[in-house]
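Following: one structure in structure tokens, then a few remarks.
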Amino acid sequence: MKKRFAMLLMVALLVVVTALSGCSSSKGSSSSSGVSKNPVSGRSNELVVGVDGDPHSWDPIATFLLAWSNVANSVFEGLVNRDNNLKIHPALATSWKYINKNTLQFKLRKGVKFQDGEPFNAAAVKFTFDRLLGPEGKKGPQQANYTSIDHVQIIDNNTVNFILKQPDPVLITKLAGYGAVIVPPKYIKQHGAQYFANHPIGTGPYKMTSYKKDNQVVLEKNKYYWKSGEPKIGKVVFRIIPDPSTRLADFQTGAIDIMKTVQVSQAATVKKLKYATLMQASTPTVYSLRFNVKKSPVNHVKVRQAINYAIDKKAIIDKVLNGYGKEISTYQSTLSFGNNPNLKPYPYDPAKAKKLLASAGVKNGTSLDMFISGSDATFKEVAQTVSAYLQQVGLKVNIHTVDGSTLTSKLTPTGKAGQFYQMGWGGWTLDFDNTAYLLYSKGQFWNPDFYDPQVEKLLAAERSTVDQTKRQKIFMQLTQKLYNDVPEVNLFQTVALYAVNNRVVGFAPPHDDRINLAQSSLKK
Amino acid sequence: MSEAAIQKNDRPAKIKSKKNKVLIFFIKLIRNPSALIGSLLVLTAIGCALFAPFIAPYNPEKINLIERLAPPSWVDPNSPYLLGGDPIGRDLLSRIIYGARVSLLVGISGVVLSSIFGVILGLIAGFFRGWLDELIMRIADIQLAFPFILFAIVVMSILGSGIWKIIIILGLTYWVGFARIVRGQTMSLKETEYIQAAYVVGSNNFKIIMKHVLPNVFSSILVLSTLYIAEFILLEAALTFLGLGSDPTIPSWGGMLADSRNYLSTAWWTATFPGIAIMLTVMGFNLLGDWLRDELDPNIQI
């Protein structure tokens, strides 16, 4: 009896499954009410943003994570600020000029207060940079970006001079960076750095009122904010939801208003939602397959070129990424200074690839190891497509999926990630200097194998001048050299996708993950 | 005809030859509907695994970006694929057929490995007792207290991922089930008269274990094996789903599920069919295992 009942149950289950799948195929799932009715209710002047990571410390000198800037961009401000069009604007400074080659003078904005009421002045700027450049800053990753600054000199309460050790062509851009946001001296001296890392105070439009690790961050309107009429929203909650499927589910049920990092594969789902808009912004992040140029057979430049010719990058962008990506010739985006417009991405030419492989003496069926992050579903599809292209020119690729952070922090720096591996790189200064130096200069953390004397010479030359036309020229030589050497196959420049509920007004997706909510408001 | 009637007519006690015994066994299997369905499902999976190159309509690794997420051909007549295409345009049906190889390989090799460990340790513990028994059973207790997925993630982040590593991890954790059953039965067998008699006629321990104990615990091992294969197939799917499985170009059901997670609302077929494949195969092994238990040894507690 019992068994018969179980059997019946199973058959019933099968029927239900089949019926369900039949249903969705005949009707198409767009007719259901789930896509048209706005699911958000009960949050009048509160915005919830779903982000993908928690930086674990809000101290600006201790971080280099994009996850930090998602939230901290609302809490902190620098002397200058980069807007959504990536232009530099005055923020806490009102104007600046070079007094001489190594002295940069800033006039500071008057009447600005930190979120706890402490006044912002020249002393705060000096404190911030003393801290960044001193022993405390040494412990974090930010100091290295600001080594061209020797010290900050107070002229009067609203004027400071930056005394430089050497000219730094990217300094103004860097002052909009994470490490250079201004921090409150009295507050930090009173509470200590440990407390500050969990209870940050800045001059930005929102004040952090609560932070639960790996869970959520609550921001409330900064009543002292210097820009009149901003911010418009009373309360902003950042919920930390690392898994993209969960994030999307939360968006669809109305638990969050803005979803950061919509996966390419989820874009179609978001587009169907009538109460939401899929927004996109090009980013400086480039995804590449980087070679370990010491390993055979990719130590041979012809083999690296052949691999570049063998991969149809355009098809990958159009089909696998559904068009959410841009072709790219070198390891920097078109958004960045030093991008070489004359270089075109290696065209898809399998015949040429085969010829190059043959002339390099690579046998048909040679196998290569590729390491990718197992949790990155989109790149997994890209990697498999690449493997199929390489198979067509006679290379066999073994794809190893490993934990993402193990790949970037352990395997890549030690040269243990096979012949080639996945690498995404941002280049946050939007100047090729940052990328080129960290990735091609000998002995850098993420460069265990590449060395070229000419590249070293060009890098040194580029750093020794602030003359942008000269630097542009050097970068043209450098990019040409790297283009020929193929230390990596540049697959695509990414597009950041945001799902935004239509009740949010005035939100513009950032190019650089620095979410700006000061001008956003909510429909009642 | 009812079950009872067959049993009355063909009482195994009456049968002398081994061949007849096997035949009776099969007749019983066929007459029992759940066992029949179970064995058919299992045979289908095994058939797919063995003859994949002949059955599969396409190369499971052949990427065709134009047919990316193509719907099943009975939904969209323009689609070349019967069950649709996956996110990079490979034929789902072919991948499901080839995927049986990974699932069965993991299921069967995992069981072979864990049963070898488990049976040997169980025999030693149950037969010799004493401090050896204590030691083995305490290790088993510790093993049981450790969450499997956590153990797998830790081991795989040290050793790297891959099918064979999954199999070894399964072997190293699931021997406990075999060891416990074998130990219990060995302990009671040891007290039976015929084993006492074997001692009296001068058989040594090894001979007694191999000739008298092992054959008597074999049916329990078989039942447990069948049920464990089902469990291992699910675990392999779970581990691959977590990104700890094999090379993503090698078709595996769990991997297919993981890859299609983001397409649930736009391309339902990508997750549905691999899911059904897992469900049917696991159900097949479970039905067969349940019937084997009832048939061979209704008293064992599994």
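Looking for whichever is within 14 Å of chain A (Cβ to nearest Cβ) and under 13 Å from the mean Cα position of the chain (by Cα) here; the options are B:LEU288, B:LEU244, B:LEU264. Which one fits?
Working: B:LEU244 fails: under 13 Å from the mean Cα position of the chain (by Cα); B:LEU264 fails: under 13 Å from the mean Cα position of the chain (by Cα).
One residue alone meets the criteria, B:LEU288.
Within the range B:74-95, can you find the residues that are crowded, with 23+ Cβ neighbours inside 10 Å, among the hydrophobic types (A, V, I, L, M, F, W, C) and not in a loop (DSSP other than H, G, I, E, B)?
Matches in the range B:74-95: B:LEU92 only.
Please go through (1) within 17 Å of A:ALA377 (Cβ to Cβ); (2) part of a helix (DSSP H, G or I); (3) modelled with pLDDT under 90 for B:SER265 and return the number of the only condition it doesn't satisfy.
Condition not satisfied by B:SER265: (2).
When you scan the range B:114-137, do you find a residue that is within 14 Å of chain A (Cβ to nearest Cβ) and not in a helix (DSSP H, G or I), even just one? I'd like the intermediate steps shown before the answer.
Within the range B:114-137, the first condition is being within 14 Å of chain A (Cβ to nearest Cβ), and the residues that meet it are none.
Scanning the range B:114-137 turns up no residue that is within 14 Å of chain A (Cβ to nearest Cβ) and not in a helix (DSSP H, G or I).
Taking the criterion of being assigned by TED's automatic domain parsing to the domain that holds A:ASP214 and closer than 15 Å to A:PRO510 by Cβ, would at least one residue in the range A:91-113 satisfy it? Step through it out loud before you land on a result.
Filtering the range A:91-113 for residues assigned by TED's automatic domain parsing to the domain that holds A:ASP214 gives A:91-113.
After this cut, where a residue has to be closer than 15 Å to A:PRO510 by Cβ as well, the list is none.
Taking every residue of the range A:91-113 in turn, none turns out to be assigned by TED's automatic domain parsing to the domain that holds A:ASP214 and closer than 15 Å to A:PRO510 by Cβ.
Could you tell me whether any residue of the range B:215-223 is closer than 30 Å to B:ILE96 by Cβ, touching a residue at least 40 places away in the same chain (Cβ under 8 Å), among the hydroxyl-bearing types (Ser, Thr, Tyr) and crowded, with 21+ Cβ neighbours inside 10 Å? Before you say what the answer is, go through the steps one by one.
Our first condition is that a residue be closer than 30 Å to B:ILE96 by Cβ; within the range B:215-223, this holds for B:222-223.
From what is left, the residues that are touching a residue at least 40 places away in the same chain (Cβ under 8 Å) are B:222-223.
The next check asks that each one be among the hydroxyl-bearing types (Ser, Thr, Tyr); those that pass are none.
No, the range B:215-223 has no match at all.
State whether one or more residues within the range B:50-64 are over 30 Å from A:PHE379 (Cα atoms) and in a loop (DSSP other than H, G, I, E, B). Steps first, please.
First, the residues of the range B:50-64 that are over 30 Å from A:PHE379 (Cα atoms): B:50-51, B:54-55.
Still in the running and in a loop (DSSP other than H, G, I, E, B): none.
No - not one qualifying residue is present in the range B:50-64.
Working only within the range B:241-253, note down all residues that are without any contact (Cβ under 8 Å) to a residue 60 or more places away in the chain and either assigned to a helix (DSSP H, G or I) or of a type in the set (A, V, I, L, M) (or both).
B:PHE241
Hey, can you tell me all the residues within the range A:208-234 that are in contact with a Leu (Cβ under 7 Å, 6 or more places away or on another chain) and either among the acidic types (Asp, Glu) or closer than 18 Å to A:SER521 by Cβ (or both)?
Once the filter is applied, which keeps residues that are in contact with a Leu (Cβ under 7 Å, 6 or more places away or on another chain) and either among the acidic types (Asp, Glu) or closer than 18 Å to A:SER521 by Cβ (or both), the range A:208-234 yields A:PRO231, A:ILE233.
Within the range A:61-83, can one find any residue that is in contact with a strand residue (DSSP E or B) (Cβ under 9 Å, 6 or more places away or on another chain) and either aromatic (Phe, Trp, Tyr) or at positive phi (or both)?
Within the range A:61-83 (the criterion being in contact with a strand residue (DSSP E or B) (Cβ under 9 Å, 6 or more places away or on another chain) and either aromatic (Phe, Trp, Tyr) or at positive phi (or both)), the answer is no, since none of the residues qualifies.
Among the residues of the range A:336-348, write down those that are part of a loop (DSSP other than H, G, I, E, B) and buried (at least 16 other Cβ atoms within 10 Å of the Cβ). It would help to see each step written out before you state the result.
Step one: of the range A:336-348, the residues part of a loop (DSSP other than H, G, I, E, B) are A:336, A:338-348.
Once the filter is applied, which keeps residues that are part of a loop (DSSP other than H, G, I, E, B) and buried (at least 16 other Cβ atoms within 10 Å of the Cβ), the range A:336-348 yields A:SER336, A:GLY338, A:ASN339, A:ASN340, A:LEU343, A:PRO345, A:TYR346, A:TYR348.
Residue by residue, here is whether (1) closer than 30 Å to A:ASN38 by Cα; (2) under 23 Å from the mean Cα position of the chain (by Cα); (3) assigned by TED's automatic domain parsing to the domain that holds A:PHE371 holds:
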site	(1), (2), (3)
A:TRP425	no, yes, yes
A:PHE445	no, yes, yes
A:GLU456	no, no, yes
A:GLN480	no, no, yes
A:ASN501	yes, yes, no
A:HIS511	yes, yes, no
A:LEU522	yes, no, no
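Kindly establish whether A:THR253 is at pLDDT 90 or above and among the hydroxyl-bearing types (Ser, Thr, Tyr). Even if it seems obvious, please write down each step before you answer.
Numbers: at pLDDT 90 or above: yes; among the hydroxyl-bearing types (Ser, Thr, Tyr): yes.
Against the criterion (at pLDDT 90 or above and among the hydroxyl-bearing types (Ser, Thr, Tyr)), A:THR253 qualifies.
Quick one: which of A:LEU439, A:LEU458, A:LEU407 is touching a helix residue (DSSP H, G or I) at 6+ places or on another chain (Cβ under 6 Å) and among the hydrophobic types (A, V, I, L, M, F, W, C)?
None of the others qualify; the one that does is A:LEU458.
Looking at the range B:236-266 only, could you name the residues that are crowded, with 23+ Cβ neighbours inside 10 Å and farther than 19 Å from B:ARG101 by Cα?
B:SER260, B:ASN262
Can you tell me which of (1) over 15 Å from B:LEU123 (Cβ atoms); (2) among the aromatic types (Phe, Trp, Tyr); (3) buried (at least 22 other Cβ atoms within 10 Å of the Cβ) is the one B:TRP175 doesn't meet?
The single condition B:TRP175 does not satisfy is (1).
With A:GLN422, A:GLN384 as the choices, which residue is among the polar types (S, T, N, Q), buried (at least 23 other Cβ atoms within 10 Å of the Cβ) and assigned to a strand (DSSP E or B)?
Working: A:GLN384 fails: assigned to a strand (DSSP E or B).
Answer to the selection: A:GLN422.
Do we have A:GLN115 as touching a helix residue (DSSP H, G or I) at 6+ places or on another chain (Cβ under 6 Å) and not aliphatic (A, V, I, L, M) here? Full working, then the answer.
Values: touching a helix residue (DSSP H, G or I) at 6+ places or on another chain (Cβ under 6 Å): no; not aliphatic (A, V, I, L, M): yes.
So A:GLN115 fails the test.
Tell me, yes or no, whether the range A:459-469 has at least one residue that is modelled with pLDDT of 90 or more and within 24 Å of A:THR285 (Cβ to Cβ).
yes
Are any residues in the range A:259-281 more than 14 Å from chain B (Cβ to nearest Cβ) and either buried (at least 20 other Cβ atoms within 10 Å of the Cβ) or of a type in the set (S, T, N, Q) (or both), and if so, which ones?
A:LYS260, A:THR277, A:GLN280
Looking only at the range A:425-435, count how many residues are closer than 18 Å to A:LEU289 by Cβ, crowded, with 22+ Cβ neighbours inside 10 Å and of a type outside the set (Val, Ile, Thr). Spell out the reasoning first.
Step one: list which residues in the range A:425-435 are closer than 18 Å to A:LEU289 by Cβ, which gives A:425-427, A:435.
Okay, now just the ones that are also crowded, with 22+ Cβ neighbours inside 10 Å, so A:427, A:435.
Restricting the remaining residues to those that are of a type outside the set (Val, Ile, Thr) gives A:427.
Number satisfying all stated conditions: 1.
Go through the range A:481-524 and report how many residues are in contact with a Pro (Cβ under 6 Å, 6 or more places away or on another chain) and of a type in the set (Phe, Trp, Tyr).
Count: 1.
From B:ILE233, B:ILE168, grab the single residue that is surrounded by fewer than 22 Cβ atoms within 10 Å (Cβ to Cβ), part of a helix (DSSP H, G or I) and touching a residue at least 24 places away in the same chain (Cβ under 8 Å).
Numbers: B:ILE233 fails: surrounded by fewer than 22 Cβ atoms within 10 Å (Cβ to Cβ).
Result of the check over B:ILE233, B:ILE168: B:ILE168.
Scan the strands (runs of 3 or more DSSP E) fully inside the range A:77-126 and keep the ones with 1 or more residues being under 24 Å from A:VAL466 (Cα atoms) and polar (S, T, N, Q).
Values: elements: A:80-82, A:88-90, A:93-100, A:103-108.
Passing ranges, in order: A:80-82, A:93-100, A:103-108.
Can A:THR261 be described as part of a loop (DSSP other than H, G, I, E, B), outside the structural domain of A:LEU407 (by TED's automatic domain parsing) and under 21 Å from the mean Cα position of the chain (by Cα)?
Working: part of a loop (DSSP other than H, G, I, E, B): yes; outside the structural domain of A:LEU407 (by TED's automatic domain parsing): yes; under 21 Å from the mean Cα position of the chain (by Cα): yes.
Here the answer is yes, as A:THR261 does meet what is asked.
Okay, residues lined up against (1) among the basic types (Lys, Arg); (2) farther than 30 Å from A:ASP83 by Cβ; (3) within 14 Å of chain B (Cβ to nearest Cβ):
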{"site": "A:VAL303", "(1), (2), (3)": "no, yes, no"}
{"site": "A:ILE328", "(1), (2), (3)": "no, no, no"}
{"site": "A:ASN339", "(1), (2), (3)": "no, no, no"}
{"site": "A:VAL386", "(1), (2), (3)": "no, yes, yes"}
{"site": "A:TYR389", "(1), (2), (3)": "no, yes, yes"}
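So for the range B:42-62 (the condition being touching a residue at least 12 places away in the same chain (Cβ under 8 Å), touching a Ser or Thr at 6+ places or on another chain (Cβ under 6 Å) and facing chain A (nearest Cβ under 10 Å)), does at least one residue qualify?
Checking the range B:42-62: at least one residue is touching a residue at least 12 places away in the same chain (Cβ under 8 Å), touching a Ser or Thr at 6+ places or on another chain (Cβ under 6 Å) and facing chain A (nearest Cβ under 10 Å).
Take the residues in the range A:393-404 that are outside any strand (DSSP E or B) and facing chain B (nearest Cβ under 10 Å); name whichever of them is nearest to the chain's Cα centre (by Cα). Explain how you work it out, then say what you get.
Just the residues of the range A:393-404 that are outside any strand (DSSP E or B), to begin with: A:393-394, A:403-404.
After this cut, where a residue has to be facing chain B (nearest Cβ under 10 Å) as well, the list is A:403-404.
Working: A:ASP403: 19, A:GLY404: 15 Å.
Filtering the range A:393-404 for residues that are outside any strand (DSSP E or B) and facing chain B (nearest Cβ under 10 Å), the one nearest to the chain's Cα centre (by Cα) comes out as A:GLY404.
If you take the residues in the range A:405-419 that are among the small types (Gly, Ala, Ser) and within 14 Å of another protein chain (Cβ to nearest Cβ), which one is surrounded by the most Cβ atoms within 10 Å (Cβ to Cβ)? Lay out the reasoning, then the answer.
Here is the first cut: in the range A:405-419, the ones among the small types (Gly, Ala, Ser) are A:405, A:409, A:415, A:417-418.
Adding the requirement that they be within 14 Å of another protein chain (Cβ to nearest Cβ) leaves A:405, A:409, A:417-418.
Numbers: A:SER405: 10, A:SER409: 13, A:ALA417: 26, A:GLY418: 20.
Here the residue is A:ALA417.
The values are calculated or read from the model by the stated rules, or taken from the named source; none is laboratory data. All figures in this text were calculated on a predicted structure; none of them were measured in a lab. Note that each Cβ is placed from the backbone with ideal geometry, even for glycine, and that neighbours are counted across all protein chains shown.
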